[in-house]
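Undergrad: I am attaching a structure below and will ask some questions about it afterwards.
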Amino acid sequence: MEATVFSVSEINFEVKQFLEGTNTFKNIFVQGEISNITYYSSGHLYFTLKDAGASVKCAIFRYKYRGVPVDLKEGEQVKIRGNVTLYERNGSYQIVADFLERTNSIGSLYEKMEMLKRKYYEKGYFDNDKKKLFPKLPMNIGVVTAATGAAIRDIINTAHKRFPNVNIFLYPAKVQGDGAVQEIVSGIEFFNRAKNFEDENKVAVDALIVGRGGGSIEDLWAFNEEAVIEAIYKSEIPIISSVGHEIDNLLSDLVADRRAATPTQAAEILIPEKQNLIAELENKKDRITKILRNRVIFMKKELEQRKNNYYIKNFVNILDDKKMELIEKEKFLVKELKRILQKAGEKLEYRKQQINKIDLKKEILNRKEDLIEKEKNINFAIKNILEEKRKIYSIKK
């Protein structure tokens with residue numbers, strides 16, 4: 001019996017048909033550690049799922065599942081659901097998934113953070129136009145952090161090194177574990193009450209640093225809680241979020257008016273170096289002095305030019321000329337006014353003479369006689385017309 005010989009393409013095709021044709025490898029759930037994560041601009045995701053003894057390549061296509069977390073981390077435990085298939089070109093099999101969820105605590109925290117991030121993004125909490133401005137030189141700085149941690153020591157050391165006159169006021173708060181959220185919120189509210197002079201025994205600060213040193217996502221989680229986000233957003237004092245982590249921004253970083261990678265950097269952002277400020281002031285003083293000196297020189301030259309001006313030097317003579325010019329104009333106006341009045345008087349006299357020449361009584365009598373004559377003529381005409389009409393009427397009868 002002759003053996004069947006397959007080409008490579010044929011055998012891969014047959015295996016693919018077998019894998020995709022059996023229900024055993026459809027809608028299966030597989031759990032393992034995720035690695036080799038690759039996001040593509042097309043929206044597709046490729047990764048490897050492995051355990052202590054083996055690994056399998058996996059893919060999620062955008063058109064099949066749009067709920068893929070965008071912040072998957074190497075080493076996270078995940079569970080996927082999908083179908084086993086074969087990529088014919090290289091003969092490797094893979095799982096094409098249509099569902100993925102984290103199964104470890106870290107994964108669920110990241111998922112919760114993404115949910116909160118979307119929520120507060122839609123509410124506008126991260127908008128740049130909501131960010132408050134920091135003073136150029138805050139003299140009183142409030143800090144909400146642990147009293148015994150490295151963060152407060154770093155802030156104090158950095159602040160006093162840069163500008164010894166700056167005052168640092170600490171509100172000691174837990175920054176992880178039970179009660180941390182409430183203590184962080186209380187610290188922010190404490191300094192805001194002082195700003196509004198609700199308690200005259202408290203010092204009003206110019207800026208706030210809220211944060212801690214680095215740690216795991218679980219350690220840092222208090223800075224992702226809603227109460228902390230709301231307190232930072234509502235603060236009337238500008239806040240720098242300074243949680244010592246390098247990879248992702250926590251929600252406190254996004255809602256705060258500025259983010260610092262570490263507490264030390266927060267102090268560096270807020271506080272200028274005193275020597276640099278002094279040098280800057282000296283430079284400004286020199287520039288202002290130079291500007292004023294040049295202005296004085298310019299004004300002296302302008303004054304000298306004005307002193308030598310023809311009109312200033314001959315001011316008295318020019319003034320006498322103007323006086324004579326005014327006198328001449330006054331004479332002309334008086335003469336012209338007399339001429340106008342004389343002409344008006346002559347015209348009025350002429351009108352009076354014309355009126356006096358008319359004998360009004362005689363004129364009225366003449367007009368009356370004329371009217372009587374016209375009345376007679378009209379009556380005669382009417383009489384003739386009526387006589388004619390009467391004759392015409394009699395003939396018709």
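Undergrad: By how many degrees, between 0 and 90 and to the nearest 10, does the Cα long axis of helix 150-162 differ from the longest principal axis of the chain?
TA: Roughly 50 degrees between the two axes.
Undergrad: So what are the ³J(HN,Hα) numbers for region 89-100, from phi and the Karplus equation (6.51, -1.76, 1.60; θ = phi - 60°), rounded to whole Hz, Gly and Pro as x?
TA: 4, 10, x, 9, 9, 8, 10, 9, 9, 10, 7, 8
Undergrad: While we're looking at this one, here's another question. Taking the Cα centre of the chain as the origin and placing charges on Cβ (Lys, Arg +1; Asp, Glu -1), which of PHE6, ILE232, THR145 is farthest toward the positive end of the dipole?
TA: So the residue furthest toward the plus end is ILE232.
Undergrad: Can you list the lysines whose alpha carbon sits under 28 Å from that of LYS234, skipping same-chain ones fewer than 8 residues off?
TA: LYS112, LYS117, LYS119, LYS123, LYS130, LYS131, LYS132, LYS136, LYS174, LYS195, LYS202
Undergrad: Sticking with the crude label model, points 7 Å out along Cα→Cβ, report the distance from LEU319 to GLU88 in nm, one decimal please.
TA: Simple spin-label model gives 11.2 nm for this pair.
Undergrad: May I pose another question? Calculate one ³J(HN,Hα) per residue across region 169-179 by plugging θ = phi - 60° into the Karplus curve 6.51 cos²θ - 1.76 cosθ + 1.60, and present them in order as whole Hz with x for glycine and proline.
TA: 10, 9, 10, x, 9, 5, 10, 7, x, 4, x
Undergrad: Springs between alpha-carbon atoms under 10 Å, Gaussian network over the chain: tell me which of GLU373, GLU226, GLU328 tops the mean-square fluctuations.
TA: GLU373
Undergrad: In percent, what relative contact order does the chain have, based on Cα pairs under 8 Å that are 6 or more apart in sequence?
TA: For the chain, the relative contact order is 10 percent.
Undergrad: Quick check on the chain: of the DSSP beta bridges with both residues there, what percent are antiparallel, nearest 5%?
TA: The antiparallel fraction comes to roughly 55 percent.
Undergrad: What length, rounded to one decimal in nm, is gained on full extension from GLU114 through to VAL30, with 0.36 nm per residue of separation minus their alpha-carbon distance?
TA: 27.8 nm is the gain from fully extending GLU114 to VAL30.
Undergrad: Still on this structure, please answer the following. With everything on Cα atoms, drop me the angle between helix 315-356 and the longest principal axis of the chain, reported from 0 to 90° to the nearest 10.
TA: 50 degrees
Undergrad: Would you kindly state how much longer the chain becomes between GLU369 and VAL15 on full extension, computed as 0.36 nm times their sequence separation minus their alpha carbon distance, in nm to one decimal?
TA: That pair, GLU369 and VAL15, stretches by 113.1 nm at full extension.
Undergrad: If you don't mind, there's one more thing I want to ask. Once the Cα atoms of helix 105-122 and of the chain are each reduced to a long axis, what angle between those two axes, in degrees from 0 to 90 to the nearest 10, is obtained?
TA: 0 degrees
Undergrad: For region 230-335, what number results from the quotient of the Cα radius of gyration and 2.2 N^0.38 Å?
TA: 2.62
Undergrad: If you don't mind, there's one more thing I want to ask. Mind listing the Cα extents of the chain along all three principal axes, in Å, largest one first?
TA: Each principal axis gives a Cα extent; for the chain these are 159, 104, 54 Å.
Undergrad: Select from ASP370, ASP51, ASP286 the residue whose mean-square fluctuation is largest in a Gaussian network model of the chain (Cα-Cα springs shorter than 10 Å).
TA: ASP370
Undergrad: If you build a Gaussian network model of the chain, linking Cα atoms that sit under 10 Å apart, which residue out of LYS300, LYS331, LYS123 swings the most?
TA: Result for the chain, Cα springs under 10 Å: LYS331 fluctuates most.
Undergrad: Quick check for me: using +1 on Lys/Arg Cβ and -1 on Asp/Glu Cβ, what's the dipole size of the chain about its Cα centre, in debye to the nearest 20?
TA: Approximately 4940 debye in magnitude.
Undergrad: Computed from the mean reciprocal separation of all distinct C-alpha pairs, what Kirkwood hydrodynamic radius does region 122-272 have, in Å?
TA: Result for region 122-272, one decimal place: 15.1 Å.
Undergrad: Now a separate question. Take a quick pass over region 8-103 and tell me how many lysine pairs come in under 21 angstrom between Cα atoms, counting only ones 8 or more apart or on separate chains.
TA: So the count works out to 12.
Undergrad: With charges set only on the Cβ (+1 for Lys and Arg, -1 for Asp and Glu), what does the dipole of region 8-103 come to about its Cα centre, in debye to the nearest 20?
TA: Once rounded to the nearest 20, the dipole reads 240 debye.
Undergrad: Pop out the ³J(HN,Hα) list for region 384-393 in order, Karplus 6.51 cos²θ - 1.76 cosθ + 1.60 with θ = phi - 60°, rounded to Hz; leave Gly and Pro as x.
TA: Couplings: 4, 5, 5, 5, 5, 5, 5, 4, 4, 5 Hz.
Undergrad: Still on this structure, I have one more. For region 249-279 and region 122-144, what is the separation of their Cα centres, given in Å?
TA: 11 Å
Undergrad: What list do you get for PHE47, PHE29, PHE99 if you sort them by fewest beta carbons within 10 Å?
TA: Final ranking by Cβ density, sparse to dense: PHE29, PHE99, PHE47.
Undergrad: So for region 8-103, considering every pair of alpha-carbon atoms, how many percent are separated by more than 19 Å?
TA: The share of Cα pairs beyond 19 Å in region 8-103 comes to 41 percent.
Undergrad: First measure r as the distance between the Cβ atoms of PHE61 and LEU133, then evaluate 1/(1 + (r/R0)^6) with R0 = 56 Å and state the FRET efficiency to the nearest 0.05.
TA: Step by step, r from the Cβ atoms, then E = 0.75.
Undergrad: Could you work out how far apart the two model spin labels at ARG339 and GLU230 are, taking each label as a point 7 Å from the Cα in the direction of the beta carbon, and quote it in nm?
TA: 9.4 nm
Taken together, the values in this text are just the output of simple stated rules run on the coordinates, not laboratory data. Please read these numbers as outputs of a predicted model, since none were measured by experiment. Don't worry about glycine lacking a Cβ; one is built from the backbone with ideal geometry, like all the others, and counts go over all protein chains shown.
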